[in-house]
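Student: Okay, here's the structure, questions in a sec.
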Amino acid sequence: MVMSWYSKYLSIYNVPLNKVSGTTIKEIQYKLKALESANPLVSIVLIAHNEETRLLSCLWSLSENRCNFPIEILGVNNNSTDKTTEAMTLAGIKWFDEPQKGPGHARQCGLNNAKGKYYICIDADTMYPPQYIQTLTDQLKKPGIACVFSLWSFIPDDKHSKWGLIVYELLRDSYLKIQSWKRPEMCVRGMVFGFNTELGRKVGFRTDIIRGEDGSLAFGLKKYGKLLFITKRKARAITGNNTLNADGSFFNSFKIRLIKALKGVRFFFIKRPEYKDEDSNLIK
C-alpha cells in the first residue's frame, strides 16, 4: 500500500497534547531546531487559535521540509484557551501572543515580527508537503512576483469520502484556475500564501474584517507585481474539513459552492478595481 506523505502526521492529528508521545515531541523539537536561523531568508509564520490537538502535526510536517536557505518558524497564539501555547513551547518555536482575536490580527502580529525577506503564512490545522517551503520561495525569488498562492486538499473523514473529495477538489481547482486569470486575489487562502515581506508591510493585513484578510492583502499587492498561482503538487497542503462540515452533508457543501460559483461566473473575465465589504463580514 502506498502511503501518503502526510500519513504519519495524521497519527497525532486531533490528538490531545498529553497523548502525544515524548519521542515524537523530541523528534519535532530536534528537527525544528536544525532548521532555525538567526538570519532567515524566509519567515514561516503559523497562527493558532485553540489548536492544541492539531498544532504538533503541522509543525512535524514543517520540520521535515527540505530547503536550501535559512528560515525561521514563528508562532502566533491568537487568544487560545486550550494548551496551544504549551504545544508551541514544547516544540521549541519562538511565539508571540496576539490577544485581539481574528486571523487579520494574528497574521499582522507575525508580519510585525518576521525577519525574513519572504513571508509564508501557515495555519495550525494544516500539514505541508516536504518541498512546500522551497517551492513557494523559488517562485517568490523571481523578478516581478509580489506573492504566490497554491492549492489544498481536505483530509477524508466519515462525512467526506476520499473519492468524493477527489471529484470535489478537481471541480474546485478548475474553477479557481479560471478565476485566477483576471481575479487571482479571489483564489488566495491564507493557509497556502506567501509574499515579499517588505511589500506585505506596505499593504498590511486588514483587521476590521472577519475573513478575507489574505485575499485583501493579495489584492493590495497587485500594484507591486504579479500574483502567481502555483498548481504543482509539491505546493499542495492538506487541511481539516471544518469549512465543509459546517455545511452539513457533502452534497450540501457541494451545492452551496456550486451556486456561489455560478452566480459569479459572469465576472470571471473582468478585472475588478475594488471590492465592497458585506456588513456581515465587518468586525463591529
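Just so you know, all these numbers are worked out from the coordinates, no wet-lab data involved. What you see is a predicted model, and the numbers here were worked out from it, not measured in a lab. Cβ coordinates were reconstructed from backbone atoms using ideal geometry, including for glycine residues, and neighbour counts include every protein chain displayed.
Student: Which aspartates and glutamates does Lys232 reach when only Cα atoms under 20 Å apart count, and residues fewer than 8 places away in its own chain are ignored?
Tutor: Glu64, Asp123, Asp138, Glu169, Asp173, Glu185
Student: Using alpha carbon centroids, what distance separates segment 76-131 and segment 136-196, in Å?
Tutor: 21
Student: Could you pull out every residue, at least 5 positions away or on a different chain, whose amide H is within less than 5 Å of the one on Phe96? Hs are placed 1.01 Å off N in the peptide plane, and Pro or chain starts have none.
Tutor: Gly75, Val76, Asn77
Student: With equal scatterers on the alpha carbons only and no solvent term, can you work out the Debye log10 of I(q)/I(0) for the chain at 0.12, 0.14, 0.15 1/Å?
Tutor: -0.76, -1.06, -1.23
Student: Which of the lysines could a cross-linker span from Lys26 if the Cα-Cα distance has to be under 30 Å and same-chain partners fewer than 8 positions apart are dropped?
Tutor: Lys8, Lys83, Lys94, Lys115, Lys117, Lys234
Student: Which whole-number percent gives the relative contact order of segment 7-281, counting Cα pairs below 8 Å spaced six or more residues apart?
Tutor: Over segment 7-281, the number comes to 20 percent.
Student: Which of the lysines could a cross-linker bridge to Lys284, judged by Cα under 27 Å and excluding same-chain residues fewer than eight apart?
Tutor: Cross-link targets: Lys101, Lys202, Lys260, Lys276.
Student: Further question on the same structure: Sorted by packing (mean other beta-carbon atoms within 10 Å per residue), highest first, where do 159-166, 89-96 land?
Tutor: For the peptides 159-166, 89-96, the packing ranking is 89-96, 159-166.
Student: Also, quick follow-up: Arranged from highest to lowest average of other beta-carbon atoms within 10 Å per residue, in what order do the peptides 19-25, 51-57 appear?
Tutor: 51-57, 19-25
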